[in-house]
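The values are calculated or read from the model by the stated rules, or taken from the named source; none is laboratory data. Predicted, not measured: the structure shown is a model, and the values here were computed from it. Because the Cβ atoms are built from the backbone with ideal geometry, glycine has one as well, and the counts that use them run over all protein chains shown.
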Amino acid sequence: MTLQIIIGTQWGDEGKGRFVDLLSADAQYVARYSGGDNAGHTLRIQDHVYKLHLIPSGIIYPQTTGILGNGMVINPRVLLREMDELNAAGIKISPDRLKISYAAHLITPAHQVLDAAREMHLGKSKIGTTGRGIGPAYTDKARRVGVRALDMLDLASFSEKLKQNLEQKNEELKLYGAEALDVASIVDEFRRFAETLSPYVADTSAILYDALKAGKKVIAEGAQGALLDIDFGTYPYVTSSSCVAGNAMVGLGIGVPGSIHTTGITKVFQTRVGEGPFPTELFDETSHFLRGDGSKQWDEFGTTTGRPRRVGWLDAVLLKKVIQMNGVNELALTKLDVLSNLLEVKICTAYQGVSSISPLVLNDAIQPQYRSFKGWSGDLMGVRQWEDLPAEARDYVLFIEEYCQTPVRYISVGPERSQLIKRF
Ligand code: IMP
C-alpha cells in the first residue's frame, strides 16, 4: 500500500511528465491532485509527441486509469479537446479509463477573462499567470461559489448555478472595465460539455481508497513545482493551489497510506516562467545556450503558453529546502545532456550573508554564491549507463546528491522515453 508521489522541485517544467510515464508502466491509477491546464506535460514516445495539460501522463499505458482529483480546477473545453486528441492518437479514453472527482471545480471562460483583467490591473506587479483562469477558479472555490463536476449530473440546477456564477463574474468584470460575457451562450455550451462528461464523474476518493487497500500501485502526479506552491512558494509569485507532496492526500481525498514514496523531479539548471525572484537567473550567452532557440521541442519555451522561460544555474539551496518540505526520498535529474559543451557549470550552494533560506523570504536582493565545476563535452543523448557519462558530469551529479543528502536515482539525457540512466 505505497503511494508514489511525483513532484517538481523547482518552478515547474522540470520534466515530470516523462517520469510519471516511466513509473506508470506497472501502475493501475495515475492521479492529478492540483492545478489545471496551466500545467503542460510533454511526452515523446517514439515519433509521437503528446502534450497533456489535464489528463495524467500515465494514461498512455493501457492498464492505467486516470484520475482528475478534487484538488484540481478543470476547463471542460480543454479536457474534451485533450480526450479527442488522445482518441485520435489511438489512446481510447472512456469512463472506464478516466474519472473526474465530484469535487473538482470547473473553469469557465469568465475565469479566463477575469485572470487577464486582474493581470492587466496589476500592471508592473503582475504575476505573469498562464491566463488559464486558475486563480479566479480557486478564488470561487474558496468563496464557496464555484461550480463543481458534481453539478454537471443535474442539468437543470447546473445551468442555474452556472448562470448565477457568470452573472456575478460580469459584475466583477465591469469593475475592471472589461466587456460582459454572453451568459446564455456559455450556459448552452457548458450543458453540452456536461452531457458528455457526466459519465466520467465519480467518487474518486473511494476509488483510490479501494485501490490502495487492495495493494494496487497508485501514482499521485504533481503539477507545477514546489516553489510555485501557494503556501511555501515564492508568494505572491506562485500559482493558486498547493503543489507540495503533502497536498496529494488532500487533493485526492485519501488518508495517509501505509507508506509514501516521493520522487522529486529536478532539472539540472533552473527555469521559471512568469514574474518573481530568481536568484541564479542568467542573462548572458549561457542563458541563450541553456534556453535554446526554440527550434528543438525541448528548448525552454512554455508548453502551455509558448513564452520563453527565464533560465539560470541550479539553485541547490532552494532544492535542499524543497526536499525537506516535501519528504523527497529520491531525485530524478532531467536534461543533463543540455549542459554538455559548457566550459564551466555552476551550482548555487549558499546566499551571501544568509545562513538559512526559505523560498518564503526570497527576494531580488539576494546574492547567490556558487560552486564551480569543470564542464564536459560530447553528446550525452546516447548514454544509458552511469559509468559511460564523462567523469565531470558524474562529479556534478554526485555533488547534488551529497549536498542534498538525497540519492539521485534517474538521470534523463534526452526527451525520448529510452533516453534515461537508471542508477539503481
Ligand atoms: P497561474 O497558475 O496561471 O495562475 O500562474 C501563476 C504562476 O505560476 C505564473 O508565474 C505561471 O507562469 C506559473 N505556472 C503555472 N503553471 C505552471 C507550469 O505548469 N509550469 C511553469 N510555471 C507555471
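If you check 18, 44, which single one turns out to be of a type outside the set (Phe, Trp, Tyr) and within 16 Å of the ligand (Cβ to nearest atom)?
Numbers: 44 fails: within 16 Å of the ligand (Cβ to nearest atom).
Within the list 18, 44, the selection yields 18.
Of the strands (runs of 3 or more DSSP E) entirely within segment 204-317, those holding at least 2 residues that are more than 12 Å from the ligand (Cβ to nearest atom) and not hydrophobic (A, V, I, L, M, F, W, C) occupy 259-267, 310-315.
The rows are residues; the columns are (1) at pLDDT 95 or above; (2) not basic (Lys, Arg).
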{"site": "136", "(1), (2)": "yes, yes"}
{"site": "152", "(1), (2)": "yes, yes"}
{"site": "156", "(1), (2)": "yes, yes"}
{"site": "162", "(1), (2)": "yes, yes"}
{"site": "169", "(1), (2)": "yes, no"}
{"site": "177", "(1), (2)": "no, yes"}
{"site": "183", "(1), (2)": "yes, yes"}
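Within segment 306-349, if we keep just the residues that are surrounded by fewer than 16 Cβ atoms within 10 Å (Cβ to Cβ) and not basic (Lys, Arg), the residue that is farthest from residue 280 (Cα to Cα) turns out to be 327. In the list 80, 86, 122, which residue meets the criterion of being assigned to a helix (DSSP H, G or I), within 17 Å of residue 24 (Cβ to Cβ) and out of contact with any Gly (no Cβ under 9 Å at 6 or more places or on another chain)? Answer to the selection: 86.
When the residues of segment 91-110 are filtered to those that are part of a loop (DSSP other than H, G, I, E, B) and not β-branched (Val, Ile, Thr), which remaining residue is nearest to the ligand (Cβ to nearest atom)? Full working, then the answer.
Of all residues in segment 91-110, those part of a loop (DSSP other than H, G, I, E, B) come to 91-97, 102-104, 107-108.
Those left that are additionally not β-branched (Val, Ile, Thr): 92, 94-97, 102-104.
Numbers: 92: 26, 94: 27, 95: 27, 96: 28, 97: 24, 102: 23, 103: 20, 104: 16 Å.
Result: 104.
Anything in segment 1-28 that is more than 10 Å from the chain's Cα centre (by Cα), crowded, with 21+ Cβ neighbours inside 10 Å and acidic (Asp, Glu)? List them, or say none. Passing the criteria: only 21.
Here the condition is being under 30 Å from residue 175 (Cβ atoms) and of a type outside the set (A, V, I, L, M, F, W, C); of 140, 96, it holds for 140 alone. Going residue by residue through segment 68-79, is there one that turns out to be more than 16 Å from the ligand (Cβ to nearest atom), within 30 Å of residue 189 (Cβ to Cβ) and surrounded by fewer than 21 Cβ atoms within 10 Å (Cβ to Cβ)? Yes, some residue in segment 68-79 is more than 16 Å from the ligand (Cβ to nearest atom), within 30 Å of residue 189 (Cβ to Cβ) and surrounded by fewer than 21 Cβ atoms within 10 Å (Cβ to Cβ).
Does residue 113 fit the bill of being crowded, with 20+ Cβ neighbours inside 10 Å, in contact with a Lys or Arg (Cβ under 7 Å, 6 or more places away or on another chain), over 21 Å from residue 206 (Cα atoms) and not polar (S, T, N, Q)? Can you show your working first?
Numbers: crowded, with 20+ Cβ neighbours inside 10 Å: yes; in contact with a Lys or Arg (Cβ under 7 Å, 6 or more places away or on another chain): no; over 21 Å from residue 206 (Cα atoms): yes; not polar (S, T, N, Q): yes.
No.
Against the numbered list (1) of a type in the set (A, V, I, L, M); (2) in contact with a Phe, Trp or Tyr (Cβ under 8 Å, 6 or more places away or on another chain); (3) more than 13 Å from the ligand (Cβ to nearest atom), residue 5 comes up short only at (2).
For segment 122-137, residues that are over 16 Å from residue 172 (Cα atoms) and more than 7 Å from the ligand (Cβ to nearest atom) total 4. Here segment 367-418 is the region considered, the condition is being of a type in the set (Phe, Trp, Tyr) and part of a strand (DSSP E or B), and the residue that is farthest from residue 22 (Cα to Cα) is 370. Filtered by the rule that a residue be touching a Pro at 6+ places or on another chain (Cβ under 8 Å) and either buried (at least 24 other Cβ atoms within 10 Å of the Cβ) or not in a strand (DSSP E or B) (or both), segment 29-43 gives 30, 31, 32. Considering only residues in segment 247-300 that are surrounded by fewer than 16 Cβ atoms within 10 Å (Cβ to Cβ) and among the aliphatic types (A, V, I, L, M), the one that is nearest to residue 212 (Cα to Cα) turns out to be 256.
Here are some residues: 113, 145, 187. Which one is of a type in the set (A, V, I, L, M), in contact with a helix residue (DSSP H, G or I) (Cβ under 9 Å, 6 or more places away or on another chain) and assigned to a loop (DSSP other than H, G, I, E, B)? Result: 145 is the single residue among 113, 145, 187 that is of a type in the set (A, V, I, L, M), in contact with a helix residue (DSSP H, G or I) (Cβ under 9 Å, 6 or more places away or on another chain) and assigned to a loop (DSSP other than H, G, I, E, B). Tell me yes or no: at least one residue of segment 268-284 is within 25 Å of residue 390 (Cβ to Cβ) and without any contact (Cβ under 8 Å) to a residue 60 or more places away in the chain. Yes: segment 268-284 contains one or more residues that are within 25 Å of residue 390 (Cβ to Cβ) and without any contact (Cβ under 8 Å) to a residue 60 or more places away in the chain.
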